Amino acid sequence: MNNPFENALTQLQRAASVMNLDSKIHEKLQSPKKVHTADITITMDNGSTKTFPAWRSQYNDALGPFKGGIRYHPGVTEDEVKALSFWMTMKCAVVGLPLGGGKGGVIVNPKELSETELEQLSRGYVRAFYQHLGPTKDVPAPDVYTNGQIMAWMLDEYEKLVGKHAPGMITGKPLSLGGSRGRDKATAQGGVFVLLETVKKMEMNPAETTVAIQGFGNAGAHMAELLSAAGFKIVATSDSKGAIVYDSGLDIVALTEYKEKTGSVINFNGAQTITNEELLTMAVDILVPAALENQITADNAGNIKAKMIVELANGPTTPEADEILFKNNIVVVPDILANAGGVTVSYFEQVQNASNYYWTDEEVMEKLKKIMIAGFEGVWSTKEKYTIDLRTAAFVTALERVSAAMKARG
Ligand code: GLU
């Protein structure tokens, strides 16, 4: 079994030894500051009651308020939420945001809940944790299987409890409630900016570059759309029901409509069905994991043929797999850099909420691009300085910032 929190600590250990991280700071960073737990009970539509275990992990807030999404998934565990909150700490730091790291999770399959049940669960989450949340304390956002509507219910519940408006207590809100333009596509857009920089470094030509994307949710589907518009050929993708391949390139606009209608990418016009494992080990130039943790492991890393992996998911590659990929000269653009576009636009959303003045799409994109490229360049130069892989370089870059803030606080 791959425990994501153990993987996160191994990544921390690798970076700490490269940079000689202060041992007291290293020790502090080996556990979250606080993990809040709750059992959320709701009344189901049939009159019965059901209880859902939930967490909010507040990892580190040296750089600013805890920040990170809430995941609804049947497989959520406490260690997963802790790992995700650690990665949020590193992610915010690597792109230089004045934010710490947190994460929430609920063990639930939201696809089995009605709209009313989902709303109750989301309001219940806020009732359980609201004393620990707030624009200057801890700021949630969407993650796997949560979305703008859920953020809207959570905001509404929070404002009722505290008796005032506080739009900056949560991000990823609908535009009508103070959401930011560009937030929906932000994770993918940020990934595209760093992917294009890496493609330049590797002297690849987009028009001759094939891509396989594991996952067709918010991050994966938007990535497919943006990359195919930029001239890349998307030959394979997948969702929780299976994977598809189409060698001459998938029509992403048609595929998106198809998924909206049928609920899955499976059996799309002319595409062949393959296994998830086949997708990961396909002969493509770029592989984009955009689903869950632990997809690239010691078992399959040796079979990966892509030249580059761009991690839109959090934690898709285990530390053992990282070693194999590095030996095989496969460039891994790590999650904490590649998917930082989402939280960057969340930060923009909070800035807009605080000033009550809203930006255009162009303003958001321009600012996002600057931050992502600066983040990429920082990580790339750290990699050159120490001759290390990009993941360790990203952690070193982030840890320099987090440890400076922790030291300054004394
Ligand atoms: N869930 C996203 C992530 O893992 C976004 C977090 C946020 O915007 O706070 O990066």
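For the range 237-315, the convex hull spanned by the alpha carbon atoms encloses 97 Å³ per residue. In order along the range 271-281, the Karplus-derived 3J(HN,Hα) couplings, from 6.51 cos²θ - 1.76 cosθ + 1.60 at θ = phi - 60°, round to 7, 9, 7, 10, 8, 4, 5, 5, 4, 5, 9 Hz, and Gly and Pro are given as x. The share of accessible area on the chain that comes from carbon and sulfur is 49 percent, using a 1.4 angstrom probe. Given charges of +1 on the Cβ of Lys and Arg and -1 on the Cβ of Asp and Glu, with all other atoms neutral, how large is the dipole of the range 304-410 about its Cα centre, in debye to the nearest 20? Dipole size: approximately 340 debye. Of all DSSP-defined beta bridges confined to the chain, some 55% are antiparallel rather than parallel. Long hydrophobic helices in the chain, taken as whole DSSP H segments with a C-alpha length of 20 Å or more on their own axis and mean Kyte-Doolittle hydropathy at least -1.0: 4-19, 78-94, 115-129, 148-162, 186-201, 341-355, 361-386, 390-409.
Shape call for the range 246-366 from the C-alpha gyration tensor, a ≥ b ≥ c root eigenvalues: rounded (a/c under 1.5), prolate (a/b greater than b/c) or oblate?
Judged from the Cα gyration tensor, the range 246-366 comes out oblate (a/c at least 1.5, b/c at or above a/b).
Summary of packing: across the peptides 113-120, 208-215, 166-173, 45-52, the per-residue average of other C-beta atoms within 10 Å ranks them, highest first, as 166-173, 208-215, 113-120, 45-52. Computing Rg and the Kirkwood Rh from the Cα coordinates of the range 299-410 gives a ratio, Rg/Rh, of 1.05.
Ordering GLN58, GLY75, ALA141 by the projection of their Cα atoms onto the charge dipole of the range 16-161, which places +1 on the Cβ of Lys and Arg and -1 on the Cβ of Asp and Glu, puts GLN58 at the extreme positive end. Semi-axes of the equivalent ellipsoid for the chain, computed as √(5λ) from the eigenvalues of its C-alpha gyration tensor and ordered from largest down, come to 30, 27, 21 Å. Only alpha carbons enter this Debye calculation for the range 27-159, each as an equal point scatterer, and the log10 of I(q)/I(0) it gives at q = 0.12, 0.22 Å⁻¹ is -0.43, -1.31.
For a paramagnetic label modelled on ASP22 (point 7 Å from Cα along Cα→Cβ), amide N atoms under 11 Å away belong, within the range 387-406, to 402-406.
For the range 1-95, report the accessible area per residue in Å² (1.4 Å probe, heavy atoms, rounded to an integer).
On the way: 3910 Å² over 95 residues.
Result: 41 Å² of accessible area for each residue.
Backbone N atoms of the range 39-68 closer than 19 Å to the 7 Å Cα→Cβ label point of ARG127 belong to residues 39-56. Each listed q (0.19, 0.24 Å⁻¹) maps to a log10 I(q)/I(0) for the range 157-222, found by the Debye formula over equal Cα scatterers with no solvent: -0.85, -1.07. With a simple spin-label model that places each label point 7 Å from the Cα along the Cα-to-Cβ direction, the separation between HIS165 and ASN329 comes to 5.8 nm.
Its Cα centre serving as origin, the chain has a Cβ charge dipole (Lys and Arg +1, Asp and Glu -1) of approximately 1240 debye.
Please give the FRET efficiency for LYS370 paired with GLU112, using the beta carbon to beta carbon distance and R0 = 51 Å, rounded to the nearest 0.05. Kindly include the intermediate steps, with their values, before the conclusion.
Details: r = 42 Å, r/R0 = 0.82.
Approximately 0.75, to the nearest 0.05.
Over every Cα atom in the range 351-410, the radius of gyration and the widest Cα-Cα span, Dmax, amount to 15.6, 45 Å. With all protein chains kept in place, the per residue accessible area of the range 122-229 amounts to 39 square angstrom at a probe of 1.4 angstrom.
So, for the range 309-410, what is the accessible surface per residue at a probe of 1.4 Å, expressed in square angstrom? Don't skip to the answer; put the middle values down first.
Values: 4130 Å² over 102 residues.
Ligands and nucleic acids excluded, the figure is 41 Å² per residue.
Please give the charge dipole size of the range 137-183, origin at the Cα centre, charges +1 on K and R Cβ atoms and -1 on D and E Cβ atoms. Round to the nearest 20 debye.
Numbers: 6 positive and 5 negative charges, 38 e Å.
So the magnitude is around 180 debye.
Annotation: amide H-H contacts under 5 Å for GLY315 (H modelled 1.01 Å from N, sequence separation of 5 or more, or interchain): ASP335.
For the residue pairs LYS34/LYS164; LYS82/LYS201; LYS67/LYS164; LYS307/LYS370, alpha carbon separations beyond 28 Å are given by LYS82/LYS201.
The values are calculated or read from the model by the stated rules, or taken from the named source; none is laboratory data. Worth saying up front: this structure is predicted, and the values here are computed from it rather than measured. Note that we place each Cβ from the backbone using ideal geometry, even for glycine, and neighbour counts take in every protein chain shown. When the accessible area is computed, the model is the full protein with side chains, heavy atoms only, and any ligands, DNA or RNA have been set aside. Shrake-Rupley method; radii C 1.70, N 1.55, O 1.52, S 1.80 Å.
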